[in-house]
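Asks: My questions all concern the structure below.
The values are calculated or read from the model by the stated rules, or taken from the named source; none is laboratory data. These numbers were taken from a predicted model, which means no experiment stands behind them. All Cβ positions, glycine included, derive from the backbone under ideal geometry; neighbour counts span all protein chains shown.
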Amino acid sequence: MIIYPAIDLRDGKCVRLRQGDYNQETIFGENPAEMAQRWVREGAQALHLVDLDGAKVGKPTNKEAIQAIVKAVSVPCQLGGG
C-alpha cells in the first residue's frame, strides 16, 4: 500500500480546514514546496495536492504553489480541487 500525504493549498499556503469549513483553517506552512520536500524526506513516494480555493470557485487558483511543489520534488503528484 502506498500512502499519499496530502498538502491542502489555500491562498498559496499549506492549510487544514476543520470539517471542510473555510472559516476554520489552521496554517501549517507558508511555503508549500518546502512542505513537499519535507514529506519526501520523511519517505513519501507520492503526494496528493488539493487546491482548496480552486475547489471553491471551480477553477485552478494555486497554480504557482502547485508548480513550485512539482519542481521541488521528484515523486509523482496527484492534484484535486479546481
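Asks: Would you check which residues across segment 20-34 are in a strand (DSSP E or B) and out of contact with any Leu (no Cβ under 7 Å at 6 or more places or on another chain) and list them?
Replies: Selection gives Asp21, Tyr22, Asn23, Thr26, Ile27, Phe28, Gly29.
Asks: Would segment 36-56 turn up any residue that is within 11 Å of the chain's Cα centre (by Cα) and either among the small types (Gly, Ala, Ser) or surrounded by fewer than 14 Cβ atoms within 10 Å (Cβ to Cβ) (or both)?
Replies: Yes: one or more hits.
Asks: Another one. From the list Asn23, Asn62, which one is polar (S, T, N, Q) and within 10 Å of the chain's Cα centre (by Cα)?
Replies: On inspection, the qualifying residue turns out to be Asn62.
Asks: Mind listing whichever residues of segment 57-82 are of a type in the set (Gly, Ala, Ser) and surrounded by 15 or more Cβ atoms within 10 Å (Cβ to Cβ)?
Replies: Those that are of a type in the set (Gly, Ala, Ser) and surrounded by 15 or more Cβ atoms within 10 Å (Cβ to Cβ): Ala65, Ala68, Ala72, Gly81, Gly82.
Asks: Now for a separate question. Could you please let me know if Gly12 is at pLDDT 95 or above, on the phi > 0 side of the Ramachandran plot and surrounded by 13 or more Cβ atoms within 10 Å (Cβ to Cβ)?
Replies: So Gly12 passes the test.
Asks: In the list Gln37, Gln45, which residue meets the criterion of being part of a helix (DSSP H, G or I), of a type in the set (S, T, N, Q) and at pLDDT 95 or above?
Replies: Step by step, each of Gln37, Gln45 is checked, and only Gln37 is part of a helix (DSSP H, G or I), of a type in the set (S, T, N, Q) and at pLDDT 95 or above.
Asks: Of all residues in segment 5-19 being assigned to a strand (DSSP E or B) and more than 10 Å from the chain's Cα centre (by Cα), which is nearest to Glu42 (Cα to Cα)?
Replies: Among them, the one singled out is Leu17.
Asks: Kindly provide the set of residues from segment 48-67 that are of a type in the set (Lys, Arg) and part of a loop (DSSP other than H, G, I, E, B), ordered by number.
Replies: Lys59
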